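Reading through the structure tokens given below for one structure.
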Amino acid sequence: MSAALPGPAVIVLIGASGSGKSTVARTWPASYRLELDAYRELVSGDAGDQDATDDAVLALNSVLTARLARGLTCVVDATNTRADVRRGLVLAAHDHGLPAVALVVDTPLPECLARNGWRQGSRRVPEAVVRRQHEQIAVARPGLSTEGFDQVVTLTQLLRLRPLLQQASDAHGALLGAGTGVAEPQAMLRQLLARRFFGDDLAAVFEWQWLGEGADPIATLAVGADKLVLTFRTASDDPGEWGFEAQVPCPNDCASPAWVPVWTPGDLLDAYDADIDDDTILCEGCGDRTAPSTYDQMPALS
């Protein structure tokens, strides 16, 4: 039988490294989530920097207090294996008249170890630490209800997929302009294509210029007077081979547009810096690019 969670409330996630706490936390809106690793990165530039933990906790608690003063739900995403840490979170919730919920992410130890092993660099926690965290939680779990929590639940008692689906649906609808009557769905779907390849930061400065009849679409990445011209190739019969190309100077110094495939932000950076192999460049004038084109309407790059 599933458990219902109160709201607003302080949701205290309790789980070993690799248990999937952050995955669970993402079923709440981003503004609700207070993730200790994110605050470590904020104060030190490295989410796995354990030496930054004290400063990260100070930053997290400051935001927690500010949100609680406004009666807002807080989802505290940390291992929370220590009783004194949990007690402080319970007191903070009660001081602001909100309930405190212990949410135990009860993932089996082998799965925690496997997930932790997939992590890279400083994000990977020593195996002995993961084992100790898991044991500490197992010992603390029977007594959580005596620590002042208003509710103690395990992940297996919750149904959290629907909230995640709702969030994704709402975000997608907002991106497409659902209900506004102003967004043209096809154009917004092309914007999703930019996000899929290059991420949110670059999609924010990505603009489709026009679509010529029978030609591949043209777009620009632009900040001020600085820009990079792209096209999206769809000539192949295999959609898996469709992809972006960036306009670059022709290696033979002809006046025709030349292009190089770009699949990642790193590829875009290489194209911008002209740090590319000439053999990967296809020039419409002196190379072997024969796809239908309207690029002659565009000025060649200087």
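The values are calculated or read from the model by the stated rules, or taken from the named source; none is laboratory data. All figures in this text were calculated on a predicted structure; none of them were measured in a lab. Every residue, glycine among them, receives a Cβ derived from its backbone with ideal geometry; neighbour counts consider all protein chains shown. Surface accessibility is based on the protein's heavy atoms, side chains included, excluding ligands, DNA and RNA. Shrake-Rupley method; radii C 1.70, N 1.55, O 1.52, S 1.80 Å.
Miscellaneous remarks
- Restricted to segment 16-31, and to residues there that are part of a loop (DSSP other than H, G, I, E, B) and polar (S, T, N, Q), the residue that is farthest from L155 (Cα to Cα) is S17.
- For segment 32-54, residues that are assigned to a strand (DSSP E or B) and not charged (D, E, K, R) total 1.
- Residues that are more than 21 Å from the chain's Cα centre (by Cα), open to solvent by less than 40 Å² (accessible area, probe 1.4 Å) and on the phi > 0 side of the Ramachandran plot do occur in segment 65-73.
- Condition check for L98: aliphatic (A, V, I, L, M), modelled with pLDDT of 95 or more, more than 19 Å from the chain's Cα centre (by Cα) and not in a helix (DSSP H, G or I): yes
- Pairs meeting the criteria (first residue in segment 138-164 and in contact (Cβ under 8 Å) with a residue 60 or more places away in the chain and outside any helix (DSSP H, G or I), second residue small (G, A, S) and open to solvent by 50 Å² or more (accessible area, probe 1.4 Å), beta carbons under 7 Å, at least 6 apart or on different chains) are L158/S2; L159/S2.
- Within segment 223-236, residues that are assigned to a strand (DSSP E or B) reach partners that are open to solvent by 80 Å² or more (accessible area, probe 1.4 Å) and hydroxyl-bearing (S, T, Y) with beta carbons closer than 9 Å, at six or more positions or on different chains, in the pairs D226/Y272; L228/Y272.
- The set of residues in segment 21-31 being surrounded by fewer than 18 Cβ atoms within 10 Å (Cβ to Cβ) and in contact with a strand residue (DSSP E or B) (Cβ under 7 Å, 6 or more places away or on another chain) consists of S22 alone.
- Within the set L34, L13, the sole residue that is open to solvent by less than 20 Å² (accessible area, probe 1.4 Å), at pLDDT 95 or above, closer than 20 Å to T156 by Cβ and not polar (S, T, N, Q) turns out to be L13.
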